[in-house]
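The values are calculated or read from the model by the stated rules, or taken from the named source; none is laboratory data. Here the structure is a predicted model, which means the values were calculated and not measured. In this analysis, Cβ positions are derived from the backbone assuming ideal geometry, glycine residues included, and neighbour counts consider all displayed protein chains.
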Amino acid sequence: MKLPYLSILAIATLFGVQPLFVFAQTPDAGAADSNVATPRLPNGHPDLNGVYSERSDQQASGKVVPENVKDGGKLYLFPPCCGGSRLGGLYTAEQDGIVLGKGNRNKPVYKAEYWEKVRYMEQHSQQEDGEWSCKPLGIPRIGQPQQIIQQEDRIVFLYATGGFDDTYRVIAMNRPHDPDRVAQETSKGDSVGHWDGDTLVVDTTGFDDTTWLAAHLGYIHSTSLHVVERFTRQGNEVRYEVTVDDPEMLEQPWVLAPRMMKLNTSPTAMLIEDYPCSERDVTHTPVH
């Protein structure tokens with residue numbers, strides 16, 4: 001079976017929260033974070049450099065996390081359970097997380113001819129979802145970056161994904177899409193960026209069709225996938241917004257709920273070394 005941390009990863013990715021921060025110490029959110037003066041680079045653009053976590057008072061849906069989920073400044077995806085153990089309930093929590101995801105009203109609207117395939121993928125997610133075989137998560141499923149490195153001609157996004165071959169993206173600034181890279185059709189696609197006022201806009205196309213838009217729910221896509229991400233820094237927070245379009249499969253663009261990224265202001269902030277992903281199920285012989 002998979003290593004235990006993959007259950008944590010499955011829960012985290014379902015809500016767009018990366019596993020590095022599941023049990024990490026996170027600062028309390030407050031109005032003061034957005035009231036801090038937004039730092040700028042010499043070129044006048046907001047400075048996005050830094051290590052980020054999702055703000056501890058919000059989930060990917062933008063809703064406030066119940067008080068019993070927060071404890072001592074730490075963020076827990078689910079309340080303590082099972083006789084006080086925070087780890088004993090991960091299996092149940094994962095199943096609950098899938099149910100919660102199904103109940104989210106903000107869903108991609110598929111064309112009628114794809115309904116049956118989406119339902120099949122959802123019902124057989126443990127066989128069909130590439131997460132279980134350590135394949136790339138893709139965009140937008142990978143969520144917001146945990147570290148941003150900003151240069152004049154490019155911006156680098158770093159991720160803590162648990163070894164899913166999605167650990168970084170390089171965003172070329174102020175150039176059109178590269179036709180050769182688009183034609184390659186990869187899990188990350190070809191990403192280009194530009195500034196819209198104080199908002200960094202990242203436009204990505206040139207995807208393959210091997211990844212899903214979200215975890216476990218069968219949200220497949222075609223090679224026509226087009227993702228636009230927007231990063232707007234206000235003080236020590238960055239508002240992260242995503243719009244997904246797939247004119248082949250979707251009836252209309254899918255706008256995900258915004259997320260707030262909180263800057264880690266510690267001078268020693270850095271990403272910890274990523275966990276490896278190890279899939280062992282394929283080597284097991286079924287027991288009858």
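Looking only at region 167-190, how many residues end up being crowded, with 16+ Cβ neighbours inside 10 Å and part of a strand (DSSP E or B)? Residues flagged as crowded, with 16+ Cβ neighbours inside 10 Å and part of a strand (DSSP E or B) within region 167-190 amount to 5.
This table checks each residue for (1) surrounded by 17 or more Cβ atoms within 10 Å (Cβ to Cβ); (2) modelled with pLDDT under 95.
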| site | (1), (2) |
| --- | --- |
| G206 | yes, no |
| A214 | yes, yes |
| S224 | no, no |
| F231 | yes, no |
| M249 | yes, no |
| A257 | no, yes |
| S266 | no, yes |
| A269 | no, yes |
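Residue count for region 271-281, restricted to those that are out of contact with any strand residue (DSSP E or B) (no Cβ under 6 Å at 6 or more places or on another chain) and either under 13 Å from S53 (Cβ atoms) or modelled with pLDDT of 90 or more (or both): 1.
What do you reckon, is E152 of a type outside the set (K, R), surrounded by 18 or more Cβ atoms within 10 Å (Cβ to Cβ) and either over 17 Å from the mean Cα position of the chain (by Cα) or closer than 20 Å to E251 by Cα (or both)? Criteria not met by E152. So which residues in region 233-244 are surrounded by fewer than 19 Cβ atoms within 10 Å (Cβ to Cβ) and in a strand (DSSP E or B), if there are any at all? Within region 233-244, Q234, R239, E241, T243 meet the criteria. Within region 205-232, how many residues are closer than 20 Å to A172 by Cβ and not hydroxyl-bearing (S, T, Y)? Count: 10.
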